[in-house]
Each structure stands twice: as structure tokens, then as C-alpha cells.
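Notes to accompany the following structure.
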Amino acid sequence: MSHKISAAVLRNLSSPFLPESLRLEDPGDDEILVKIAGTGICHTDIKVSGGYAGVPLPVVLGHEGAGVVAQVGKHVTSVVPGDHVLLTFDSCGKCPQCSTQHPAYCDEGQRLSFACQHSEKGASLASSGELVNGNFFGQSSFASHAVTNERNTVKVDKSLPLEILGPLGCGFQTGAGVVLNVLQPSAGQSFAIFGAGNVGLSAVMAAAIAGMDPLIVLDVNPHRLEIARTLGASHTIDLGKETDPVKLIQQITNKAGVNYSLDTTNKSEVIRQAFESLANRGTCIHSGGGGKDLTFPGSLLLHGRTVQGVIQGDSDPQVFIPQLLNYYGDGKFPFDKLLSFYPLADINRAVAEMVSGQVIKPVLLM
């Protein structure tokens, strides 16, 4: 049996998404059919639509979905129809990384995210007999329905507003996880965040939870810097006006530099600034998407400084997303302030307004 669904299909690279009606096959024995309520748009979706990772076309993207379980395979035990769920990245559950609670670094993660191969049947979507690639990040949630599995499906409380939750599955857990999972700072340690998009601002909220100080945020968008201050930043630096942010960070920290820095921009010159802003034995986290050749002054490495790449906040979603929801309930992680909502049919306007910086995190409503 198959289901008629609505989806935004990418048929050509660097082209608009096309709203279409598709057929989606029933979930397999180990799979879950989810009726999507809302899906966040991530910069990874936009990069992939331009050719990043060589995703096969035509394809349905989307990897920050949330919705209601509609149907489950006979081997599924963690959810039942009617449960509210949040969707996240897929993982194999068997490799050394997964078995030690680091599924973000799954040995099969690249394939599971970008190959768009359905685990049991090949392509799971069709349009008038034509196969359409799905299973992007184990979900393909730019659609009214998606097929997932238990590893990338997190059950959530039904009292939560379901349409807002999807971005926790990637962007927000990435920034928050950098702080709470990877750095695990002590209160009073200093932090500089380069880039105030959804990843950077979720790191701001997590750093405020951890009591980091000073908490410095740098961006070219004054409005985003204002938002950063409302979320807990002690200092902001407008990179559109200041030409030497490293010097300003040194002044703020009494020439010591920061204990930690985070780059979310994936710009080589900004990553170098983030590294040069460190104190002795400081750590610079790069979580801006990769793909750049980086250079750093070797003399600074000699003082115990490190550079570390982080994917998905090194999160175990089944553990970390419930923690973030607890912080949200306590008013400490108000990620909903960063959301803007669009109907699925307006996906191209949502993408354009995200790329322009007009909105921080667009969410498609089904």
C-alpha cells in the first residue's frame, strides 16, 4: 500500500523547490510513518540543493521534522500510532561510535544522511511512476509525511507545541551540544561565538545556562546581535564595523583571550580569528559545515590551544533532546523566539529569507 502525500521536490541543482503530489510506500518492519506538523529549514538543506554531498536527484530534502506517528512496522517498540515525535539524524546503532553514545560520529553517518537510499526498498517515493529519492537524513521531511526509524525518532510529550520542535533535531542541538556535551565548561569561563545564526544563538542560550562569562557574540547583522544580548550575551561585536575582532576580544578579557571559541560561519578567515582569540590551553570549535582548508599560526598551538570539529553537537538525541526540552520548559532555552513560520508552498520564499539573513530559522508548516 502507498500513501498520497505533498512534498517539496528538488529536481535540479540550484533550482527552486517544486511542490508536488507523491506516493509514499508503507513503512517497513523496522520503520515508522510520521505525519509531519512542521519542519525546520537548515543551511545543510540549502547547501545540498546547490550540489554539496552529491545527493541524487530528484529528491525530497528536509531533516528537522516533527509530527505524529501514523503507522509503525511490526518490529517497532518505542512508539505507537498517535505518539508525538521529533525527527533527527540517522545512525547505524552498531558501530563503535554509536555503541559508545556518540551517534553523531556514526561510521555510516555520511551514507545514511546523504545517499538517500531507503533501508529496505530502495527509493520510497514516486511521482507518476518515476522514482524520487528520499530518506534524506533518514526522514526527507519537506513533506506532509515521512518514513523514519527508531534511532532517529524521539518521542516527545503531547503537551508541547509540536510544530515548533523540529529544529531541535539538528540546528539547535548542534549549537547547544557544543557547549553542554563537548566543552562542558565551568561557570565563569569565557566564550566567543562567531556567527549569530541558529547554531550560534543556541550556543548562546546553552552558554548562559552554563554560566559562561564573558559571553561574546560576533556577527555582521545588528539585529541578530541584539537578539544575542536578550539571550544572555554579555558583549557583542559588529563584524560589519570592526576590523580587528581579536583585539577587541583581548580587551574584553584583559589580554588573556577566551577559554573557548566557536565558529559557525565556515569562513576560513573567521575560523582563524576564532582560533587567535583563544587563551592559553583554549579550545576552538569548528561547527560551520566543513569543506574549507584552514591555516593557523603554529606558535599559538604550542601554548596548548586546540581546534576541534563537532557534528550535531556530539549529541545522543534520545538523551540530549529531552534535556533541551526540559530547559525550554523552565524558560532557559527559549528557542521558539528564533522561529519564523511558512506554509510548505512558500518554501522558496522561506529559503530566500533565510539566506538573506531576514529570518534566523524558518519552519515549514504542513
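The values are calculated or read from the model by the stated rules, or taken from the named source; none is laboratory data. In this text the structure is predicted, and so the values were computed from the model without any measurement. Using ideal geometry, Cβ is built from the backbone for each residue, glycine included, and neighbour counts are taken over all protein chains shown.
Being touching a His at 6+ places or on another chain (Cβ under 9 Å), within 26 Å of Gln358 (Cα to Cα), at pLDDT 95 or above and hydrophobic (A, V, I, L, M, F, W, C) is the requirement here; does Ala8 meet it? Spell out the reasoning first.
Numbers: touching a His at 6+ places or on another chain (Cβ under 9 Å): no; within 26 Å of Gln358 (Cα to Cα): yes; at pLDDT 95 or above: yes; hydrophobic (A, V, I, L, M, F, W, C): yes.
The answer is no for Ala8.
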Open item on the list: Here's a check for you: in the stretch 1-10, which residue that is out of contact with any Ser or Thr (no Cβ under 8 Å at 6 or more places or on another chain) and part of a strand (DSSP E or B) is farthest from Val351 (Cα to Cα)?
Closed with: Ser2
Task: Criterion violated by Ile36 - all others in (1) more than 19 Å from Lys158 (Cα to Cα); (2) modelled with pLDDT of 95 or more; (3) among the hydrophobic types (A, V, I, L, M, F, W, C) satisfied - done: (1)
Task: Candidate set from the stretch 228-269 (those that are modelled with pLDDT of 95 or more and small (Gly, Ala, Ser)); member that is surrounded by the fewest Cβ atoms within 10 Å (Cβ to Cβ) - done: Ala256
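State whether the residues of the stretch 124-132 include one that is within 23 Å of Cys92 (Cβ to Cβ), touching a residue at least 40 places away in the same chain (Cβ under 8 Å) and surrounded by fewer than 22 Cβ atoms within 10 Å (Cβ to Cβ). It would help to see each step written out before you state the result.
At the first step, the residues of the stretch 124-132 found to be within 23 Å of Cys92 (Cβ to Cβ) are 124-125.
Narrowing further to those that are touching a residue at least 40 places away in the same chain (Cβ under 8 Å): 124-125.
Narrowing the set further to residues that are surrounded by fewer than 22 Cβ atoms within 10 Å (Cβ to Cβ) leaves none.
Looking for residues that are within 23 Å of Cys92 (Cβ to Cβ), touching a residue at least 40 places away in the same chain (Cβ under 8 Å) and surrounded by fewer than 22 Cβ atoms within 10 Å (Cβ to Cβ), one finds none in the stretch 124-132, hence no.
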Task: Selection from the stretch 304-323 of residues that are more than 30 Å from Gly257 (Cβ to Cβ) and among the acidic types (Asp, Glu) - done: Asp316
- [ ] Consider Val204 carefully, then state whether it is buried (at least 24 other Cβ atoms within 10 Å of the Cβ), at pLDDT 95 or above and not assigned by TED's automatic domain parsing to the domain that holds Leu87.
- [x] yes
TODO: Return yes or no: is Ala196 over 19 Å from Pro322 (Cα atoms), buried (at least 24 other Cβ atoms within 10 Å of the Cβ) and touching a residue at least 12 places away in the same chain (Cβ under 8 Å)?
DONE: yes
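Just give me the residues in the stretch 190-219 being part of a strand (DSSP E or B) and of a type in the set (D, E, K, R), in sequence order.
Selection gives Asp219 alone.
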- [ ] Quick one: Pro96 ticks every box in (1) in contact with a His (Cβ under 9 Å, 6 or more places away or on another chain); (2) buried (at least 19 other Cβ atoms within 10 Å of the Cβ); (3) modelled with pLDDT of 95 or more except a single one, so which number is it?
- [x] (2)
Open item on the list: Looking only at the stretch 1-55, how many residues end up being within 19 Å of the chain's Cα centre (by Cα) and of a type in the set (Lys, Arg)?
Closed with: 1
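Only one residue in Leu22, Leu87, Leu13, Leu61 is exposed (fewer than 14 other Cβ atoms within 10 Å of the Cβ), in contact with a Ser or Thr (Cβ under 8 Å, 6 or more places away or on another chain) and modelled with pLDDT of 95 or more. Which one?
Values: Leu22 fails: exposed (fewer than 14 other Cβ atoms within 10 Å of the Cβ); Leu87 fails: exposed (fewer than 14 other Cβ atoms within 10 Å of the Cβ); Leu61 fails: exposed (fewer than 14 other Cβ atoms within 10 Å of the Cβ).
Unique residue meeting the criteria: Leu13.
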TODO: Could you tell me which numbered condition Leu301 fails, if it satisfies all but one of (1) surrounded by 16 or more Cβ atoms within 10 Å (Cβ to Cβ); (2) at pLDDT below 95; (3) of a type outside the set (Lys, Arg)?
DONE: (1)
TODO: Considering each residue of the stretch 64-84, count those that are farther than 22 Å from Glu108 by Cβ and surrounded by 24 or more Cβ atoms within 10 Å (Cβ to Cβ), and give that number.
DONE: 2
- [ ] Might you check whether a residue that is in the same structural domain as Pro16 (by TED's automatic domain parsing) and under 25 Å from Pro16 (Cβ atoms) occurs anywhere in the stretch 91-110?
- [x] no
- [ ] Go through the stretch 159-179 and give me each residue that's among the aliphatic types (A, V, I, L, M), part of a helix (DSSP H, G or I) and crowded, with 24+ Cβ neighbours inside 10 Å.
- [x] Leu168, Ala176, Val178, Val179
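Listed here are the residues, each with its yes/no results for (1) in contact with a helix residue (DSSP H, G or I) (Cβ under 8 Å, 6 or more places away or on another chain); (2) β-branched (Val, Ile, Thr); (3) surrounded by 12 or more Cβ atoms within 10 Å (Cβ to Cβ); (4) more than 21 Å from Gly109 (Cβ to Cβ).
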{"position": "Ile271", "(1), (2), (3), (4)": "no, yes, yes, yes"}
{"position": "Glu276", "(1), (2), (3), (4)": "yes, no, yes, yes"}
{"position": "Asn280", "(1), (2), (3), (4)": "no, no, yes, yes"}
{"position": "Asp293", "(1), (2), (3), (4)": "yes, no, no, yes"}
{"position": "Gly313", "(1), (2), (3), (4)": "yes, no, yes, no"}
{"position": "Pro317", "(1), (2), (3), (4)": "yes, no, yes, no"}
Open item on the list: Please count how many residues of the stretch 212-224 are more than 20 Å from the chain's Cα centre (by Cα) and surrounded by fewer than 23 Cβ atoms within 10 Å (Cβ to Cβ).
Closed with: 6
TODO: State the number of residues belonging to the stretch 139-152 that are within 16 Å of Asp30 (Cβ to Cβ) and over 15 Å from the mean Cα position of the chain (by Cα).
DONE: 6
